[in-house]
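Asks: Below are the structure tokens for one structure; questions will follow.
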Amino acid sequence: MRPYDERLDHLLARAAKVFAERGYHSTTMRDLAAASGMSLAGMYYYVKGKEELLSLIEERCFTRVLDGARRAIAAVPGGGDPLERLQAFIRHHVTFFAAHMPEMKVLSHEANSLTGERLRRVNAIKRRYVDLLEGLLKDAAPDESAVERSAAAYALFGMMNWIYNWYDPAGEIDPDRLAALIARIFLGGFAEARTTVHGG
């Protein structure tokens, strides 16, 4: 991933907002230039085209959420028990994406818009993130099969990744309360499923 560049960071944030509102395929480079306040020539200094811009948004976002999740897990006092580490992962994921709603929408809806090497790079980061969650689930429920852990991981991502569609009459989401709610629902369901399957 490229080193931090303030103008590029601004371009990626504005492009994510436009992609989230209009969709990747309906957005032109002129739309992106207007939204970012940059000239087309200025944009082409940073990217060769729209797909490279999308890949940078996805790559940077997934890298940041992965690195942040690792730090959140490592910061659990005394290493914590497996459920505390899982809660730290959930809290970080929800907090991160509550602060980056356009990026979340782009990651959720434009996953199949990349091709070739760009798609491979983004998928490699996504795989490390999924592996991190599956490792936490393995620690929390070591008797579950890999298939059950994978299903549980994707069920949890499904709960967390649609927060931008949730109605909030106050007009904003409290990430801490939402993360706690998701953790209670998911971990309660996870424990119940383990009891049903294993009779314990």
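Derivation of every value follows stated rules applied to the coordinates shown; laboratory data play no part. Not measured: the values here are computed from a predicted model. Glycine also receives a Cβ, built like all others from the backbone with ideal geometry; neighbour counts cover every protein chain displayed.
Asks: Given +1 on the Cβ of Lys and Arg, -1 on the Cβ of Asp and Glu, and no further charges, what dipole in debye does the chain carry about its Cα centre, rounded to the nearest 20?
Replies: 520
Asks: What ranking, highest mean first, results for peptides 52-63, 142-153 when packing means the other Cβ atoms within 10 Å averaged over each residue?
Replies: Highest-to-lowest ranking by the protection proxy: 52-63, 142-153.
Asks: Given contacts defined as C-alpha pairs under 8 Å and at least six residues apart, what's the relative contact order of the stretch 51-198, whole-number percent?
Replies: 34
Asks: Sorted by average packing, counted as other Cβ atoms within 10 angstrom per residue and highest first, what order do 65-75, 36-46, 81-91 take?
Replies: 81-91, 65-75, 36-46
Asks: Could you tell me which of rounded, prolate or oblate describes the chain, using a ≥ b ≥ c as the square roots of the eigenvalues of the alpha-carbon gyration tensor, with rounded for a/c under 1.5 and, failing that, prolate when a/b is larger than b/c and oblate otherwise?
Replies: In terms of gyration-tensor shape, prolate.
Asks: When ranked by the protection proxy of mean other Cβ atoms within 10 Å per residue, highest first, what sequence do the peptides 93-103, 18-28 form?
Replies: Descending mean neighbour count gives 93-103, 18-28.
Asks: Got a sec to turn the phi values of the stretch 33-50 into Karplus ³J(HN,Hα) couplings, 6.51 cos²θ - 1.76 cosθ + 1.60 with θ = phi - 60°, whole Hz, x for Gly and Pro?
Replies: 3J(HN,Hα) across the stretch 33-50, in whole Hz: 5, 4, 5, 8, x, 9, 6, 4, 4, x, 5, 5, 5, 8, 9, 7, x, 5.
Asks: Ok, one more. What shape does the stretch 64-125 have by the C-alpha gyration tensor, where a ≥ b ≥ c are the square roots of the eigenvalues, rounded means a/c under 1.5, and otherwise prolate means a/b greater than b/c and oblate the rest?
Replies: Prolate is the answer for the stretch 64-125, as a/c is 1.5 or above and a/b outweighs b/c.
Asks: May I pose another question? Which of the three applies to the stretch 22-80, rounded, prolate or oblate, going by the alpha-carbon gyration tensor with a ≥ b ≥ c and a/c under 1.5 meaning rounded?
Replies: Judged from the Cα gyration tensor, the stretch 22-80 comes out prolate (a/c at least 1.5, a/b above b/c).
Asks: Add -39500 (n - 2.57) for each DSSP H run of 4 or more in the chain, then divide by its residues: what number comes out at 222 nm, to the nearest 500 deg cm²/dmol?
Replies: That calculation yields -24500 deg cm²/dmol at 222 nm.
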